[in-house]
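So the structure is just underneath, and the comments pick up after that.
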Amino acid sequence: MTTKIAVFASGSGSNFQAIQESIERGELNAKIELVVTDKPNAYVVKRAEQFGIPVFSFSPKDYESKATYESEIVKALKGKSVEWIVLAGYMRLIGETLLTAFPNKVVNIHPSLLPSFPGKDAIGQAMDHGVKITGVTVHYVDEGMDTGPIIAQAAVEVVEGDREATEERIHQVEHQLYPKTLKRLFEK
Ligand code: GAR
């Protein structure tokens, strides 16, 4: 059975694209029903359009509360029978409304070996700390910041003094690890 998913992103959307390309190659049996973004001008919107995938974009400041905009999102997702929420660079905490509507069905990718360096700019945090090995984590999402149960991890060697090169390595690993991990989860 094809698993129906929504990808949430706030930025460039390279992980969104890696997942979609894995689907198109026939490696991941899933369909991205909707891209959800809290940044209407993010590059992920362009990428989604190029693949013909509908986008739900919203500005949190237009809503009274997180519960209000999350209720709208839940409506949109249920309307498309979405089963899993896949966070890919969505830089906002998921609230109770979404977590209750999709119990144990929200996953995230984070650019560090959690529990090290949660939160924003994990790559910068790792480099400032001088670690030699960092990595990527895929985990279930709970109310905390990058705190849910870990599903998969991969190590990445830091390129000393070169943030861009380190980030490039992280992205390459993410683009392999995320589709592979989703495949495993959806086949369970
Ligand atoms: C990715 O590196 C992802 O791990 C990170 O944002 C980037 C999004 O890139 N997520 C977090 O830091 C979440 N705390 P992309 O928009 O090109 O997929």
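Here are a few things to note about the model shown:
- Peptide packing: for 20-26, 167-173, the average count of neighbouring Cβ atoms within 10 Å per residue gives the ranking 167-173, 20-26, highest mean first.
- Convex hull of the chain built on C-alpha atoms - directionally averaged projected area, nm²: 10.3
- Centre separation in Å (Cα based) which lies between the range 97-113 and the range 131-188: 14
- Cross-link partners of Lys80 among aspartates and glutamates, defined as those whose alpha carbon lies under 14 angstrom from its own and excluding same-chain residues fewer than eight positions apart: Glu33, Glu72.
- Accessible area per residue for the range 89-156, computed on protein heavy atoms with a 1.4 Å probe, is 48 Å².
- Shape metrics for the range 81-188, restricted to C-alpha atoms - Rg then Dmax, Å: 14.1, 46
- Bridge orientation summary for the chain: considering DSSP beta bridges with both residues in this region, about 40 percent are antiparallel.
- Between Ser116 and Glu160, the simple spin-label model (points 7 angstrom out along Cα→Cβ) gives 1.6 nm.
- Length gained on full extension, Arg184 to Lys75, computed as 0.36 nm times the residue gap minus the Cα-Cα distance: 36.5 nm.
- Accessible area of the chain belonging to carbon and sulfur atoms, whole % at 1.4 Å probe: 50
The values are calculated or read from the model by the stated rules, or taken from the named source; none is laboratory data. Predicted model, so just to flag it, every value in this text is computed and none were measured. Ideal geometry is used to build each Cβ from the backbone, glycine not excepted, and the neighbour counts take in all protein chains shown. We work out accessible area using only protein heavy atoms, side chains counted, and drop any ligands, DNA or RNA first. Shrake-Rupley method; radii C 1.70, N 1.55, O 1.52, S 1.80 Å.
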